[in-house]
1. Scan region 80-97 residue by residue and report those that are in contact with an Asp or Glu (Cβ under 9 Å, 6 or more places away or on another chain) and either of a type outside the set (A, V, I, L, M, F, W, C) or surrounded by 19 or more Cβ atoms within 10 Å (Cβ to Cβ) (or both).
2. Being aromatic (Phe, Trp, Tyr) and under 22 Å from Glu183 (Cβ atoms) narrows it down to one of Phe124, Phe76, Phe69, so name that one.
3. Is at least one residue of region 101-113 more than 14 Å from Phe76 (Cβ to Cβ) and not aromatic (Phe, Trp, Tyr)?
Amino acid sequence: MIHNLAAGVQAFTSNAFLVDGERTVLVDAGANFDVVSRVEERVDDVDALVLTHTHPDHVGNLPDVVEAFGVDVWGFDPEADGVDHAIADEGTVTLGDDEYVALHTPGHKDDHLCFYSAGAGVLFAGDLIFPNGSFGRTDLEEGDRGTLIESIERVESRVSGDLGELHVGHGPSVSRNAYSHVELASEAARHTP
């Protein structure tokens, strides 16, 4: 089961997804809200914190999660503040009951990862892809439009057309025609001036 713990929060934050199952994992910590109490409303413990990337809105609550649950933090760049272990491009991680492949997808930020499970039909897209043809911004440090387009195209080619769920860094998740939103983002990124 996947729960967005930031749902309804009126603060500058990313989504923070609790994936419970055999290995209960938090995907991104969010910022500026009490994520620990929201975790504790659903589960007793968390096994790991996995990051799509290290922008402040995704990691602001990281210290609170680490302190409350004693978890290790996994991300692409172990040199980044708070990241304990590296997840390599094409590495696999268990989120809940399913295996996900990590796809290094820079362009929004150099350490950006997406997580895709073909078996579960789920993509965690971070700030790379958003619903309805939206895509990650590239006007921040480490942002690069050409690299972002390449990353979106990589995800588009890797993800199955019958994708069941698209979970994004901000805003609502998509559970109907999820792959079409990946296609729309790819098209828009290539053609938006």
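What follows is calculated from the coordinates using simple rules that are stated; it is not laboratory data. From a predicted model like this one, the values you see are computed outputs, not experimental measurements. Virtual Cβ from ideal backbone geometry, glycine too; neighbours counted across all protein chains shown.
1. First pass over region 80-97, keeping only residues in contact with an Asp or Glu (Cβ under 9 Å, 6 or more places away or on another chain): 80, 83-86, 92-94, 96-97.
Scanning region 80-97 gives Val83, Asp84, His85, Thr92, Val93, Thr94, Gly96, Asp97.
2. Working: Phe76 fails: under 22 Å from Glu183 (Cβ atoms); Phe69 fails: under 22 Å from Glu183 (Cβ atoms).
Answer to the check: Phe124.
3. Step one: filter region 101-113 for residues more than 14 Å from Phe76 (Cβ to Cβ), giving none.
No; the residues of region 101-113 include none that is more than 14 Å from Phe76 (Cβ to Cβ) and not aromatic (Phe, Trp, Tyr).
The rows are residues; the columns are (1) closer than 16 Å to Val168 by Cα; (2) of a type outside the set (Phe, Trp, Tyr); (3) touching a strand residue (DSSP E or B) at 6+ places or on another chain (Cβ under 7 Å).
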position	(1), (2), (3)
Cys114	yes, yes, yes
Asp127	yes, yes, no
Gly133	yes, yes, no
Arg145	no, yes, no
